[in-house]
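Written out below as structure tokens is the structure these notes cover.
Nothing in this text is a laboratory measurement; each read-out follows from the coordinates by a stated rule. Quantities reported herein were computed from a predicted structural model and do not represent experimental measurements. Glycine gets a Cβ as well: all are built from the backbone with ideal geometry, and neighbour counts include every protein chain shown.
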């Protein structure tokens, strides 16, 4: 769990800082080109964190890592940054109100609670889903192979 916190929390921090700077400080809306760069930054941060976390787990295990342990490590990191990001946005919503939620396209078409619920579910489930994909791919290349003999 300590490894997941060490590598998951920086991803959540990158996500939170980017959103705050682009949406609140620069005032960019959902149609801005600056918001198109966000998913690239978030995914690169997640991939780097999962890669570094799996490498660290492999080094702690004496240079040998099973595929299963690699995937578990990566999903643990994804879980941490998914939860931490949702907590950040919940606190932001509680302290500042729905300003950030209302900058999303189509947010005014639904009740506020539905918009918030969809955002939190999307953040968390998206983090887990993509974390599983990234962990699987990274573990495939880093895990120990069994010899056929």
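Given 0.36 nm per residue, what is the gain on full extension from residue 140 to residue 40 after removing their alpha carbon distance, in nm?
Length difference between fully extended and current span is 33.7 nm.
For n ≥ 4 DSSP H runs only, could you compute -39500 (n - 2.57) per run for the chain, divide by its residues and tell me the 222 nm figure to the nearest 500?
-25500 deg cm²/dmol
What FRET efficiency comes out for the pair residue 94/residue 133, r = Cβ-Cβ distance, R0 = 22 Å, nearest 0.05?
0.10
Between 74, 62, 122, which gets the highest mean-square fluctuation from a Gaussian network model of the chain, Cα cutoff 10 Å?
Residue with maximal mean-square fluctuation among 74, 62, 122: 62.
Could you state the angle between the C-alpha long axis of helix 2-19 and the longest principal axis of the C-alpha atoms of the chain, as a value from 0 to 90 degrees rounded to the nearest 10?
Helix 2-19 sits at roughly 30 degrees to that axis.
Mind pulling the angle between the C-alpha long axis of helix 112-142 and the longest principal axis of the chain? Nearest 10 degrees, somewhere in 0 to 90.
Between helix and principal axis, roughly 20 degrees.
At a temperature of 37 °C and a viscosity of 0.692 mPa s, determine how fast the chain diffuses translationally according to Stokes-Einstein, using the Kirkwood radius over alpha-carbon pairs as Rh; express D in µm²/s, rounded to the nearest whole number.
200 µm²/s
Could you identify which residue out of 135, 33, 66 has the top mean-square fluctuation in a GNM of the chain using Cα springs shorter than 10 Å?
Result: 33 has the largest fluctuation of those listed.
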